[in-house]
Amino acid sequence: MSLPPLVEPAAELTREEVNRYSRHLIIPDVGMAGQKRLKNAKVLCVGAGGLGSPALMYLAAAGVGTLGIIDFDVVDESNLQRQVIHRQSSLGKPKAESAADTVREINPLINVVVHNVALDRDNVMEIFSGYDLIVDGTDNFATRYMVNDAAVLLGKPYVWGSIYRFDGQASVFWAEHGPCYRCLYPEPPPPGMVPSCAEGGVLGVLCASIGSIQVNEAIKVITGIGEPLVGRLMIYDALEMTYRSVKVRKDPECALCGKNPTITELLPDYQAFCGTLSDEASEAVKDSTISVHDLKAMQDRGEDIFLVDVREPNEHEIVSIPGATLIPKGEFLDGSALEKLPQDKKIVLHCKSGARSAEALAVVKKAGFSDAVHVGGGILAWINQIDPSLPTY
Ligand code: ZN
């Protein structure tokens, strides 16, 4: 299915622009008309992280006339393995500004707009309305659903991408011509079921594979060439080195873009909709959460506790809290961890930041360890507040 161009062409290209974009101009399908459409295009990239990095750099180089960057985070050392738009010298800087600096170096002829804010339901409609197309480089379900909903309500196409370890996916969601993200995934996965890249890791170069597909699709939609990924989901496996695409259909019953939509405005609370903890875990952590200072004090007093690290073995190998025994969360969920727990000691669970240990705590309490607790903030809080000499990840 080919679609008409999204953007009208700019009046003209300057001599400088003709020189810069000459390798585009001599492709018959792009030509002067296509490059003028790119010049007139306003594209917003949500997130200047793993996917946003290659996306922004190639969108800028391609001559997209107005490039918006939205991110509220600052550059951290653990970003540099894949977020190639940021440099060693940008550590601690707001990501949106660091990304804008790089983009201006790549192409001074384009207009860069920095949104150094967190996207939320109060600003998303206003911010999106200033752009023709959105590139979604978000890494969490709450923002992903909000991006989808706002794009559908505003009638704008967006290019979606997702990455995890060696696997990537991409699609173009444009409710006027095909399905939206909710047609594919009406509900977010249960909390704790799908690990994030921060929990599960991601091969750095995977970002380039998926980010470049997103830019490719953005250029096609803007200029109206080729067959955009509307109604198709591209699935990339970097270990097998396979790309395959599956058809995704518009769901006539979609709550957002179907015949009788029940969602006619943004949800009041996307965090609650996507949930960070299951109901059981939220219940379990009430009155059963200790701080890293509490844990340190227990250890210093020589209390008889059984400290369990519920992270994965490779995380435990990177850094661990002294005295912790490794029993990954999966063993709690399948029940096999329970026989490893002593009956005569207080069980203290921890993970990286406190989400996985909360899920494990729910299992442990249900099994009758009523005085079990988990450590709020996990090992990241331990490193921050107790022992900053430890490596972080
Ligand atoms: Zn839909």
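Computed values, structure above
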| item | result |
| --- | --- |
| Residue identified as over 23 Å from His293 (Cβ atoms), surrounded by 17 or more Cβ atoms within 10 Å (Cβ to Cβ), touching a residue at least 60 places away in the same chain (Cβ under 8 Å) and not basic (Lys, Arg) among Ala362, Ala372 | Ala362 |
| Close pairs from region 74-85: first within 14 Å of Gly52 (Cβ to Cβ), partner surrounded by 17 or more Cβ atoms within 10 Å (Cβ to Cβ) and of a type in the set (Lys, Arg), Cβ under 9 Å, at least 6 apart | Val75/Lys95; Asn79/Lys95; Gln83/Lys95; Ile85/Lys95 |
| Any hit, region 230-243, residues being in contact with a strand residue (DSSP E or B) (Cβ under 7 Å, 6 or more places away or on another chain), within 16 Å of the ligand (Cβ to nearest atom) and either at pLDDT below 95 or assigned to a loop (DSSP other than H, G, I, E, B) (or both) | yes |
| Checking Ala272 against (1) aliphatic (A, V, I, L, M); (2) in contact with a Pro (Cβ under 6 Å, 6 or more places away or on another chain); (3) over 29 Å from Tyr58 (Cβ atoms), the condition it does not meet | (2) |
| Single residue of region 245-269 satisfying the filter (under 17 Å from Val230 (Cβ atoms) and away from the ligand (no atom under 13 Å from the Cβ)) that is surrounded by the most Cβ atoms within 10 Å (Cβ to Cβ) | Ser245 |
| In region 292-315, the residues that are at pLDDT 95 or above and under 30 Å from Pro188 (Cβ atoms) | Val292, Val308, Asp309, Val310 |
| Residues of region 15-54 satisfying the condition of being of a type outside the set (D, E, K, R), touching a residue at least 40 places away in the same chain (Cβ under 8 Å) and in a loop (DSSP other than H, G, I, E, B) | Tyr21, Val30, Ala41, Gly47, Ala48, Gly49, Gly50, Leu51 |
| Members of region 3-24 found to be closer than 18 Å to Glu217 by Cα and either surrounded by fewer than 10 Cβ atoms within 10 Å (Cβ to Cβ) or in the same structural domain as Glu227 (by TED's automatic domain parsing) (or both), listed by number | Pro4, His24 |
| Qualifying residue in region 143-158 (condition: over 17 Å from the mean Cα position of the chain (by Cα), charged (D, E, K, R) and modelled with pLDDT of 95 or more) | yes |
| Residue match in region 305-315 (condition: surrounded by 12 or more Cβ atoms within 10 Å (Cβ to Cβ), touching a residue at least 60 places away in the same chain (Cβ under 8 Å) and in contact with a Ser or Thr (Cβ under 9 Å, 6 or more places away or on another chain)) | yes |
| Unique match (being assigned by TED's automatic domain parsing to the domain that holds Leu233, under 18 Å from Tyr236 (Cα atoms) and either within 12 Å of the ligand (Cβ to nearest atom) or touching a strand residue (DSSP E or B) at 6+ places or on another chain (Cβ under 8 Å) (or both)) among Tyr185, Tyr158, Tyr164, Tyr131 | Tyr164 |
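Residue-by-condition table, conditions (1) touching a helix residue (DSSP H, G or I) at 6+ places or on another chain (Cβ under 6 Å); (2) over 29 Å from Asn111 (Cβ atoms):
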residue: Phe141; (1), (2): yes, yes
residue: Val152; (1), (2): no, no
residue: Asp167; (1), (2): no, yes
residue: Pro179; (1), (2): no, yes
residue: Leu184; (1), (2): no, yes
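The values are calculated or read from the model by the stated rules, or taken from the named source; none is laboratory data. Fair warning: this is a prediction, and the values are worked out from it, not measured in the lab. Positions of Cβ are backbone-derived with ideal geometry, glycine not excepted, and every protein chain shown enters the neighbour counts.
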